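Novice: The structure is given below, and queries will be raised subsequently.
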Amino acid sequence: MWSRHTTTFAFLFFGLAGSLNSQAQSPDESTSIDQPSTEVRDPSTLVKLELLEEFERLDRSIRELRSTLDELARAMELSKQEQGKKIADLESRASTIESSDRVQREEKLSFEAEYKALSKKVEVLEQFLKRNLGGLVSASSVASKEKELTTVPEKNKILNDKLESYSDVNDFYEYVYEVKFKNGEYRDAVKLFSDIVTQYPDHNLVPNAKYWIALSYLNFDPSDKQRALETASALLDGLPQTHNKYADTLLLMGQIYFNLRQCDSAKEYWARVISELPASEAAKKARARIELMCG
């Protein structure tokens with residue numbers, strides 16, 4: 001386009017200059033005396049040639065510039081395509097990493113739950129050893145304990161697993177909880193707490209005993225998660241909100257469902273604690289479990 005305009009402009013310019021020159025050379029009385037030699041070149045012709053050469057140089061520069069722009073446009077297009085491929089690759093890698101992170105997060109939560117359960121068992125074992133190891137290895141401690149049991153007959157109950165031997169259900173309940181449950185003897189705890197439920201069904205400690213039975217099922221055998229769920233669910237159905245084990249039972253239900261890998265159901269019971277007892281310590285535990293385990 002520039003070349004065509006340049007040529008047209010040069011043609012008009014030279015035509016106009018030629019017309020003016022011919023008018024200047026027409027016969028006239030004032031110029032007919034001294035005519036210049038034909039060998040002398042007209043200065044206007046030199047100007048025209050210089051202008052023409054300048055136009056040609058400009059035309060070449062324009063063509064070169066256009067060629068450079070075309071090359072830059074092609075390079076930009078290739079760069080754009082290359083960048084598009086890199087972006088697509090990064091998006092694919094990001095998606096893969098996100099999926100991997102999700103799997104690792106689930107595995108981490110499962111590991112943390114198992115670790116907490118194991119830590120709890122270790123803690124119970126440590127407490128048991130602290131209370132009993134000295135007596136097992138020290139003869140003087142054994143003699144002292146035998147003397148103490150002889151002088152205080154009521155403490156002989158600690159050595160007895162029979163509910164009938166206790167005049168007070170509260171003492172038997174405390175014995176089962178302290179000696180059996182807290183020491184990790186969950187099978188014995190289930191059996192002895194069940195004796196309270198069976199023989200004293202109307203006693204005020206029955207809901208508590210059922211709670212520890214459900215928790216014992218959850219602790220001593222992973223295959224008994226279903227029995228733990230059934231026991232806790234039956235307890236919750238007849239338990240008033242004011243009972244001291246109501247919130248604990250909701251938390252336990254959530255824990256059982258979490259162990260069964262049913263996070264939605266677990267969150268449902270933990271959310272009930274928060275909505276029904278928002279100011280309780282159990283609500284704080286429920287919030288932490290939702291965030292940590294099923295966030």
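The values are calculated or read from the model by the stated rules, or taken from the named source; none is laboratory data. It should be emphasised that the depicted structure is a prediction, and the values quoted were computed from it without experimental measurement. In this analysis, Cβ positions are derived from the backbone assuming ideal geometry, glycine residues included, and neighbour counts consider all displayed protein chains. Surface areas here come from the heavy atoms of the whole protein model, side chains and all, with no ligands, DNA or RNA. Shrake-Rupley method; radii C 1.70, N 1.55, O 1.52, S 1.80 Å.
Novice: Obtain the nm distance between the two label points defined at GLN226 and SER67 by a simple spin-label model: each point lies 7 Å from its Cα along the Cα-to-C-beta direction.
Specialist: For GLN226 paired with SER67, the spin-label model returns 8.4 nm.
Novice: I need two numbers for segment 235-292: Rg to one decimal and Dmax as a whole number, Cα atoms only, in Å.
Specialist: In order Rg, Dmax, the Cα atoms of segment 235-292 give 10.5, 30 Å.
Novice: From the phi of every residue in segment 249-260, what ³J(HN,Hα) in whole Hz does the Karplus formula 6.51 cos²θ - 1.76 cosθ + 1.60 yield, where θ is phi - 60° and glycine or proline is x?
Specialist: For segment 249-260, the Karplus-derived couplings read 5, 4, 4, 5, 4, x, 5, 5, 5, 5, 5, 7 Hz, x marking Gly and Pro.
Novice: Among 187-194, 232-239, how do they line up by average Cβ neighbours within 10 Å per residue, starting with the highest?
Specialist: With the highest mean Cβ count within 10 Å placed first, the list reads 187-194, 232-239.
Novice: How large is the charge dipole for segment 161-287, taken about the Cα centre, if only the Cβ atoms of Lys, Arg (+1) and Asp, Glu (-1) carry charge, to the nearest 20 debye?
Specialist: For this selection, approximately 600 debye.
Novice: Using a 1.4 Å probe and counting only protein heavy atoms, arrange ASP161, ASP224 so the residue with the most accessible area comes first.
Specialist: Descending order: ASP161, ASP224.
Novice: Same structure again: Which of the residue pairs LYS162/LYS267; LYS162/LYS225; LYS116/LYS245; LYS182/LYS225; LYS210/LYS285; LYS162/LYS284 have a Cα-Cα distance greater than 29 Å in the structure shown?
Specialist: With Cα atoms farther than 29 Å apart: LYS162/LYS267; LYS162/LYS284.
Novice: Note the full-extension length gain between GLU178 and GLN83 as 0.36 nm times their separation in residues minus their Cα-Cα distance, in nm to one decimal.
Specialist: 27.3 nm
Novice: Per residue, how much accessible area does segment 167-295 show when a 1.4 Å probe rolls over the protein heavy atoms, in square angstrom?
Specialist: Counting only protein heavy atoms, the per-residue value for segment 167-295 is 49 Å².
Novice: Also, quick follow-up: Once the mean 1/r over all distinct Cα pairs of segment 160-268 is inverted, what Kirkwood radius in angstroms do you read off?
Specialist: 14.2 Å is the Kirkwood radius here.
Novice: Which order do the peptides 45-56, 66-77 take when ranked by the mean count of other beta-carbon atoms within 10 Å per residue, highest first?
Specialist: Put in order of decreasing packing, that is 45-56, 66-77.
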